[in-house]
Amino acid sequence: MAILQQISARTFYIPGANNLGVVATGDGGAITIDTGLDKDTGRLIRKALDEAGLTLRAIINTHHHADHIGGNEYLVRNVPGVQVYAPPLEAALITYPLLEPVYLSMGAQPIAPLQNKWLMAKGVAVDHLIEADQLTIGGTTLDVIPLPGHSLGQVGLAVDGVCFAADGFFGPAILQKHGIPYAQDVGLQLASLGRVAARNDLFFLPGHGDLTPRDQLEELLAINQAAIERASAAVRAALADPGDLLTVARRVRVALGLQFAAIPQYAIFVSAVSAHLGYLVQQGSAQVVLGDEGMLWQA
């Protein structure tokens, strides 16, 4: 079976734990939307394009998370002339991936367990910043869809009735596995669900989950919204007594029955809890106070 799975005449994807989008430009070239976790996914992209008789012209990174940019370095090093595109805020972390474990460490030098390929891909220079609502590469024009919330400046891309939605929403199995859908800004994450819902594309491909036809999208987005709201409710319930961030995170973890086998997953979880605390403050449901015991969150 071919590695590239066709969606429309010139749109394809490579299915996997992280779905990778491919758009043929019509001149024998191709654009890849994200590059997966590491050099192995970079090799897979190259093999898939070779099989299809396409030459990689450009990489579009939807956001900076390591599982979306990890193949960049291999492809840039091995495919002459390939250009990298990314949104401005995301570009900084794509160029300097150390910044991701740094922000998960409250700005401090990250400990060794946070400096691995799951959180820190190899950096590459971003050649072009995505700042308009359309992007033309090799004569092919893609709509740029702002989808911040999961990450600082995440974008989706759409062309020919196919929306590559990045981590703008997740498949049900992913939501169940992680308990709290990761967010940098919960309010923006919810707004981005609405932005996806407003699209009339024929197919929607999340970064993690199944290719979704338009008539199944609303149900899936409702599941995502419910998961986000359930996470906020769990964090709100953990504020029955004041507590610092780690105390609140521990209460939420216990309430949701979550277990973490490694430090990176725990750090990501704590960051997501922090995002929900900030959202609750915005909603007037929580506040933070500084006292002798430190910075405490309370209802």
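A short reminder: the numbers here are calculations on the coordinates, not readings from a lab. Everything numeric in this text was worked out from a predicted model, so none of it was measured. No Cβ is skipped: glycine too gets one built from the backbone with ideal geometry, and neighbour counts run over all protein chains shown.
What ranking of 140, 11, 32, 247 emerges when the number of other C-beta atoms within 10 Å of each C-beta is taken as an exposure proxy, fewest first? Before the final figure, lay out the partial values.
Numbers: 140 20, 11 25, 32 31, 247 14.
Listed from fewest to most nearby Cβ atoms, that is 247, 140, 11, 32.
Would you work out the relative contact order for the chain, in percent, from Cα pairs under 8 angstrom that are 6 or more residues apart? Spell out each step's value before the answer.
On the way: 597 pairs, mean separation 40.1, N = 299.
Reported relative contact order: 13 percent.
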| request: Only loop residues by DSSP count here, and only those with at most 16 other Cβ atoms within 10 Å; note down the GluC sites (Glu not before Pro) in the stretch 122-219 that meet that. | output: 131
| Can you run phi through the Karplus equation (6.51, -1.76, 1.60; θ = phi - 60°) for the stretch 61-72 and list ³J(HN,Hα) in whole Hz, with x for Gly and Pro? | 9, 6, 6, 8, 4, 4, 6, 10, 10, x, x, 3
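Give, in nm to one decimal, the length gained when the segment between residue 191 and residue 289 is fully stretched (0.36 nm per residue of separation minus the Cα-Cα distance). Please list the in-between numbers first.
Numbers: separation 98, 0.36 × 98 = 35.28 nm, distance 2.81 nm.
Full extension from residue 191 to residue 289 adds 32.5 nm.
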| field | the stretch 8-34 versus the stretch 130-161: alpha-carbon centroid distance in Å | value | 14 Å
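Determine, for 223, 69, 59, 111, the number of other Cβ atoms within 10 Å of each Cβ, and report the residues in order from fewest to most.
On the way: 223 16, 69 30, 59 27, 111 11.
Going from least to most buried by this count: 111, 223, 59, 69.
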| note | Note to self: C-alpha centroids of the stretch 231-299 and the stretch 60-98 sit apart, in Å, by 32 Å
| query | Using the per-residue mean of other Cβ atoms lying within 10 Å as a proxy for protection, in what order, highest first, do the peptides 283-292, 99-108 fall? | reply | 99-108, 283-292
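What number, rounded to the nearest 500 deg cm²/dmol, is the helix-based mean residue ellipticity at 222 nm of the chain, given -39500 (n - 2.57) per DSSP H run of at least four residues and division by all its residues? Present the calculation step by step, with values, prior to reporting the outcome.
Details: 10 runs with 114 residues, N = 299.
Roughly -11500 deg cm²/dmol at 222 nm, from the helical runs in the chain.
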| said: Given contacts defined as C-alpha pairs under 8 Å and at least six residues apart, what's the relative contact order of the stretch 19-148, whole-number percent? | reply: 24 percent
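With a Förster radius of 30 Å, plug the Cβ-Cβ distance of residue 105 and residue 226 into 1/(1 + (r/R0)^6) and report the FRET value to the nearest 0.05. Present the calculation step by step, with values, prior to reporting the outcome.
On the way: r = 31 Å, r/R0 = 1.04.
The value I calculate is 0.45.
Assign unit charges at the C-beta atoms only (+1 for Lys and Arg, -1 for Asp and Glu), then state the dipole size of the chain relative to its Cα centre in Debye, rounded to the nearest 20. Could you put the intermediate results ahead of the total?
Values: 18 positive and 27 negative charges, 105 e Å.
Dipole of the chain, to the nearest 20 debye: 500 debye.
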| So how do 25, 35 line up by other beta-carbon neighbours within 10 Å, fewest first? | 25, 35
| Short version: ³J(HN,Hα) in whole Hz for each residue of the stretch 268-280, in order, from phi by Karplus 6.51 cos²θ - 1.76 cosθ + 1.60 (θ = phi - 60°), x for Gly and Pro, what are they? | 5, 4, 4, 4, 5, 4, 4, 4, 5, 4, x, 5, 5
| What distance in nm separates the simple spin-label points at residue 50 and residue 218, each placed 7 Å from Cα in the Cβ direction? | 4.6 nm
